[in-house]
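The values are calculated or read from the model by the stated rules, or taken from the named source; none is laboratory data. Just so it is clear, the model here is predicted, and its values are computed rather than measured. Here the Cβ is made from the backbone with ideal geometry for all residues, glycine too, and neighbour counts use every protein chain on show.
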Amino acid sequence: MITQTHLKRFVQLTRAAVYDQTGDSECGPGYLKEEYRKLGRKILKHIATEMGLNKGEFDIRWNPGGIACSGDHTLHTDKVYVALHDNLGSGWFYWRTVTGRKDYRGGANQIVQFQDFTAPGGLEKLIGALKVATQAKEFMDSHFVFVSVK
């Protein structure tokens, strides 16, 4: 289960993990980045489970980046892509619809402010939006044929 405390800690770590590379942390270099990695994975796994996805229907990826960033968390399904990381300290992350797990461009980015994400009910609202987008995508795919015009 993911609590408000987990979500707030994750947001704190989006910035703290960047400054943890020099060894200033009492636990040594990279300690906060590792906590950030584990917590991000836990949140994305929770989202996938709440969306009703089974193992094999989604990928969770982690890119640690270098010393200038906290790292990137990604949940990639056949219908949606969630990029759960702070974009250059902007205070938000994004998700978008996709046409499969090899689609890295997808639809328009849907911005989620961290303050909304960590608010009571914020995670549930995100999961609801992802479910609606997934269902709409399934409806469109089953009822319409799209032709690419060049």
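Would you check if ASP72 is at pLDDT below 95, surrounded by fewer than 17 Cβ atoms within 10 Å (Cβ to Cβ) and among the acidic types (Asp, Glu)? Here the answer is no, as ASP72 does not meet what is asked. Of all the numbered requirements in (1) out of contact with any helix residue (DSSP H, G or I) (no Cβ under 8 Å at 6 or more places or on another chain); (2) surrounded by 13 or more Cβ atoms within 10 Å (Cβ to Cβ), ARG105 misses one, and that requirement is (2).
ASP141 falls short on exactly one of the conditions (1) at pLDDT below 95; (2) under 20 Å from LEU7 (Cα atoms), and that condition is (2).
Inside region 75-96, residues that are surrounded by 19 or more Cβ atoms within 10 Å (Cβ to Cβ) and in a strand (DSSP E or B) make up a count of 8.
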